[in-house]
Structure formats: C-alpha cells, structure tokens
Amino acid sequence: LGVPCVGYELLPSLVKLAEQTKEEVDVELASFVMGDMLDAPLGNVGILVLASQCWDQNLLTRVGDKIHAELPPNALVIDYTDKLKEWDSLGRSPVDTLVAPVSWN
C-alpha cells in the first residue's frame, strides 16, 4: 500500500516468521521489532492495529492509557475484539464496530 508499517511482537519466533513472510511477498516498507508495544512510540501513528484477544485486564488498561496519552487524535485504532468499547481510559468512543472473518476462524 506504500505506507510504512512497524510491527511489535514479544515472541522471537513470530518476529522471524514475520520477516520471512515479508521477504516472500516482497514487502518493502514493513519492519518488525521484537519488543513490547508498551515501549513503542505512538506519536506519529496513523493506524494502530491491535490483537488484544489474549490480553488480561491489566494489559488492556495499560495499553488504553498509552493510547490515550500518545496516539494522535485522528488516528484509527483497529482491534480483533470488541474490547475497545470497554476502555474508559481512552477518553474516546469507538466510531463503529464491524465483524469480519479472519483466517483463524
């Protein structure tokens, strides 16, 4: 799509898989960081994609606080669950929700 993208992942095996996939499909503007998204800078993010389906309440709260503090006001947040509407700390209400199929369902 021509948009730079940075992925954060805690598991080294998944970072390696992401790098391999990037090479196989010839994606140039993607990079991957083995690290915690709580350490990721969000100040210049336009679209934030989360995969919170296995996060506990503590992590949800911490991520919500980080988004509220750092994410630009017009940024789009996409999550694989409907948990965003529970995040009081965001200080924003979801604009809409959508149910769509994913490869693991």
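The values are calculated or read from the model by the stated rules, or taken from the named source; none is laboratory data. For clarity, every value in this text was computed on a predicted model and none was experimentally measured. Here the Cβ positions follow ideal geometry from the backbone for every residue, glycine too, while neighbour counts run over all protein chains shown. Quick note on the areas: whole protein, heavy atoms, side chains included, nothing else; ligands and nucleic acids left out. Shrake-Rupley method; radii C 1.70, N 1.55, O 1.52, S 1.80 Å.
Summary of computed values
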read-out	value
Every residue from the stretch 21-30 that is surrounded by 14 or more Cβ atoms within 10 Å (Cβ to Cβ) and not charged (D, E, K, R)	Ala30
Meets criteria (open to solvent by 100 Å² or more (accessible area, probe 1.4 Å) and modelled with pLDDT under 85) for Leu90	no
Unique residue being at pLDDT below 90, open to solvent by less than 50 Å² (accessible area, probe 1.4 Å) and at negative phi when the list is Val102, Val15	Val102
Neighbours by Cβ (under 7 Å, 6+ apart or cross-chain): first from the stretch 55-70, more than 16 Å from Leu10 (Cα to Cα); second of a type in the set (Val, Ile, Thr)	Ile67/Val77
Residue list for the stretch 31-55, restricted to those being open to solvent by 60 Å² or more (accessible area, probe 1.4 Å) and β-branched (Val, Ile, Thr)	Ile47, Val49
